[in-house]
1. So which DSSP H runs in the chain come out at 30 Å plus along the axis (Cα) with average Kyte-Doolittle of at least -1.0?
2. So which of Lys249/Lys402; Lys402/Lys480; Lys322/Lys377 end up more than 21 Å apart, counting from Cα to Cα?
3. Skipping prolines and chain starts, which residues have an amide H placed within reach, meaning under 5 Å, of the one on Asp286, given they are 5 or more residues away or on another chain?
4. Residue by residue through the stretch 83-89, which ³J(HN,Hα) values in whole Hz follow from phi under the Karplus form 6.51 cos²θ - 1.76 cosθ + 1.60 (θ = phi - 60°), with glycine and proline marked x?
5. Tell me, which longest segment in the chain has none of the chymotrypsin sites (Phe, Trp or Tyr not before Pro) that fall in DSSP loops with at most 12 further Cβ atoms within 10 Å?
6. Divide, for the chain, the radius of gyration over alpha carbons by 2.2 N^0.38 Å, where N is the residue count.
7. If you average the sequence gap of Cα pairs under 8 Å that are 6 or more apart and divide by the length of the chain, what percent do you get for the contact order?
8. Restricting the calculation to Cα positions, tell me the Rg (one decimal) and the Dmax (whole number) of the stretch 299-386 in Å.
Amino acid sequence: MNNNIILVGLAGLILLLSGCKDWLDELPINTVTEDQAWQNASDAEGAVAAAFSIFRRGLAGLTKDDTPSTTRHGAWGDYYFWGDARSGDWITPNNDGDWQAGFENRLIARTQLEPMTNWRLFYRTVEQCNLLLEKVPEITEGFAGNRKAELLAEARFLRAMSHFYAARIWGDVPINLTARNVEPLGRTPLNEVMKMVVDEVEIAVPDLPWAHEGMTRRLSRSRGTKGAALALQAHAYMWLEDYASASAKLQEIIESGHFDLAPISEFRNIFDQGDSDEMVFQMYYDNQYGEFSDYYGHILTYYLTNPYTDRSNLSLAIPKSKILEIFPDYARDRSDKRVAEFFQSIDFSGSASELRPIFDDPLQNGERQIMFAKFRKAKDRSYNRMDSPVPIFRYAGLLLLKAEADARLSRLSEAATNLNLVRARAGIPRFTREDQTMLIEEIIAERRRELIGEFHRVYDLVRLGRLHEFNPFVSEQDEKEGAGFFPVSDEAFANNPNMEQTYYWQFNQ
């Protein structure tokens, strides 16, 4: 990768191209010279908002707005394809060849999948954060209280988050901590990247608030906070197999009192509104304030049909047999309340333009036509916009992560306590066995159930070296050679003699 400097004007342009207004009611920095861009606190606020916007675009996926060479006019919601598609749980009811190739780990076989191999926007986010960390310390005008330190800490958090997210997708990735680096960078081993993430967060946490003053709860939790930073640090420690440190960071989150499990009856607040004390960090969308993703930039458009969108068929779904495998308590006695919250069966007998009735039985539609409706916010049909939030860290997931860390440390009682908090909310029996191996397996299975469709499953399996156990198209040897990670785009090799392709993808073009 050749890391050229991203000017603030480009960040502002990207923000405008996304069709979004600034999250802080501060105008994002537009096309101005670099010297003019860093004059006061308002400039710093706009630059930080722009950095989060670039990161969000990175999760949605590369489009022709980002680089004309890409094959796509609109984003696809790549966070799903990176974090869920290859888990072995999904099908494509309308037999989409691109999606099927993704499920089967044929990630170079289809041209339309090529943008998913490109880390360009993650490193644009990094470069924007690097500029912030260089320029904001020089600004003296307009900051109230500790706000300047908060903004710098947010930039450091987001820089760490961008490296972390890229490392989960590609494995070894470049580390860039310099605003004006023009040297071609090679790939740094994944463990070293995770150590950098831990160190960056350690610097940022003291200046991050638990909640940002003057922001709504859902907006605040789409920015850098102590909770988001500690969750990031804990996840990085899990990749490093430093379970004691991961558990300690997660305990800080628990003891803060800022987060809680919501009752099942409030799941729509979590998944459709992003407005819940269970949400720790999310990418925020709210059409009312100009925050939205176009129709093909949000994963909901592939999960849902009428009555939520005007699509007539499903592109992505989980088959009934797999649902019953994942949720055994529902298969046995219908006790797991999450199934009705996460899945719906609808009447497909009408035309696409009609509103379709939803059946009481969420699995009535048979093997292939059950709608994954964990996120079920309706599209704005007037403007073709989707604005459901994209969760990144949720409190239930963090409780289960702590349970895994504690179980691996032989703290079986503490691990079972957090596991059973999530199980009790779901309405299923407590786990009471005291065998360490069985407890760990149950925690991993519970993360699969609770976080299904939230873009964690593949990362969990790759972290554990177990993708081959669930994806029949990846062998154990393939996984050892790097098949769990995405190939690196050809773009990263341009004028960069230090770039190397992942070993597995050198021989599986």
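1. 147-170
2. Distance filter (> 21 Å) returns Lys402/Lys480; Lys322/Lys377.
3. Glu291, Phe292
4. x, 10, 4, 8, 6, x, 9
5. Free of exposed loop sites, the longest segment is 1-382.
6. This ratio for the chain stands at 0.93.
7. 18
8. Using the Cα atoms of the stretch 299-386, the pair Rg, Dmax is 13.1, 43 Å.
Values in this text are rule-based calculations from the coordinates and carry no lab data. Note that this is a predicted model, so its numbers are computed, not measured. Virtual Cβ from ideal backbone geometry, glycine too; neighbours counted across all protein chains shown.
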